[in-house]
Amino acid sequence: MTEKKLVDLFKQMWLIRYFEEKVDEFFAKGMIHGTTHLAVGQEASAVGSIAVLEERDKLTSTHRGHGHCIAKGADVNRMMAELFGRETGYCKGKGGSMHIADVERGNLGANGIVGGGFSIATGAALTSKMKKEGYVVLCFFGDGASNEGSFHEAVNLASIWKLPVVFICENNQYGMSGSVKEMINIEHISDRAAGYGIPGMVVDGNDVFAVMNVVGRAVDRARRGEGPTIVEAKTYRWKGHSKSDAKKYRTREEEKEWREKDPIARLRATLVKEGIVTEEEADSIQEEAKQKIEDSVQFARNSPEPEIESLLEDVYA
């Protein structure tokens, strides 16, 4: 990995952080409607996983998918416009936070259905294998989704057909307001891989280098035709489940402990220590990302709303 690539990852993580914080601000002010699920604190799992992909590779996301979209190269202007319900958004303002997709870049879409991406990812991987297209699919999901029937069906099929898909569990410790410890009677969600005869690996989801290493090995395995892997990235969402979550089910001490593991701060410290960037350059990268998000807000606000006559276009029922 080149020094330039590492700096690009740092930029992406700040871009995700500021996008999420700005969206949180606007929802609180009632300027954006609907709902949203933020992944502040989980930037390394998204950026590190997607960093090891080739351009032709694909992914499926979740209802907490802004970071995945940005890491796969989505235009933050179009993303912000989508959340503002504007014509220039990815879904022409009709999909909102949970339905952003960019098929040209290999992003097969975020999904408002918990576990909704499993079948899509496995189907895309089957397409890759049958047509010999050579691409790998990342399937992001949360700890809660691992208890859905679609998880087991998809992993089983991917296993017996040796499909080029990597299942990435972003275990942020809570499914809505329920602790993962109360929902699953095993230490690691990735231990379930043994039931399907495939590898299961655990990684520090707040360490972007560790994520790249583990997911990189799983992607290489899939590309060689050896089948899927389950990777569990242990991380933490700083915000609530959604915009209306007061987080009464967890302690402020726990939140403080995880904030001290901030993935962006950890990457910055490494880049500075290794002489890849100076403190001043790191500050500048942070400010550039912040300004880019401010610019995306202006783009969204200046974009037109969908015409009434077009409201039923591009909508599936």
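Summary of computed values
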{"read-out": "Cα centre as origin, Lys/Arg/Asp/Glu Cβ charges: region 167-307 dipole, Debye", "value": "560 debye"}
{"read-out": "Value in Å of the Kirkwood radius, where the chain supplies the Cα pairs that are averaged", "value": "19.8 Å"}
{"read-out": "Cleavage-rule hits (GluC sites (Glu not before Pro)) in region 1-87: DSSP loop, at most 11 neighbouring Cβ within 10 angstrom", "value": "Glu54, Glu55"}
{"read-out": "Value of relative contact order over the chain, rounded to a whole percent, pairs C-alpha under 8 Å and six or more apart", "value": "23 percent"}
{"read-out": "Partner lysines for Lys131 [C-alpha distance under 19 Å; skip if fewer than 8 residues away on the same chain]", "value": "Lys58, Lys162"}
{"read-out": "Alpha-carbon centroid distance for the pair region 161-177 / region 80-154, whole angstrom", "value": "13 Å"}
{"read-out": "Top of Gly34, Gly106, Gly216 by mean-square fluctuation, Gaussian network on the chain, Cα under 10 Å", "value": "Gly34"}
{"read-out": "Exposed chymotrypsin sites (Phe, Trp or Tyr not before Pro) absent - longest run of the chain, DSSP non-H/G/I/E/B, at most 14 other C-beta within 10 Å", "value": "1-248"}
{"read-out": "Of the DSSP H helices in the chain, those whose Cα atoms cover at least 27 Å axially and whose Kyte score averages -0.5 or more", "value": "3-28"}
{"read-out": "Glu257/Asn147 FRET efficiency (R0 22 Å; Cβ-Cβ; nearest 0.05)", "value": "0.30"}
{"read-out": "The chain - accessible surface per residue (Å², probe 1.4 Å)", "value": "46 Å²"}
{"read-out": "Enclosed volume per residue, in Å³, of the convex hull spanned by Cα atoms of region 14-58", "value": "98 Å³"}
{"read-out": "Cα-based reach from Lys239 at 16 Å (exclusive), listing lysines while leaving out same-chain residues under 8 positions away", "value": "Lys22, Lys247, Lys248, Lys256, Lys261"}
{"read-out": "Cβ-based net charge around Glu279, under 14 Å, with every Lys or Arg adding one and every Asp or Glu removing one", "value": "-3"}
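The values are calculated or read from the model by the stated rules, or taken from the named source; none is laboratory data. All values derive from a computational prediction rather than experimental measurement. No Cβ is skipped: glycine too gets one built from the backbone with ideal geometry, and neighbour counts run over all protein chains shown. The accessibility values were calculated without ligands, DNA or RNA, using every heavy atom of the protein model including side chains. Shrake-Rupley method; radii C 1.70, N 1.55, O 1.52, S 1.80 Å.
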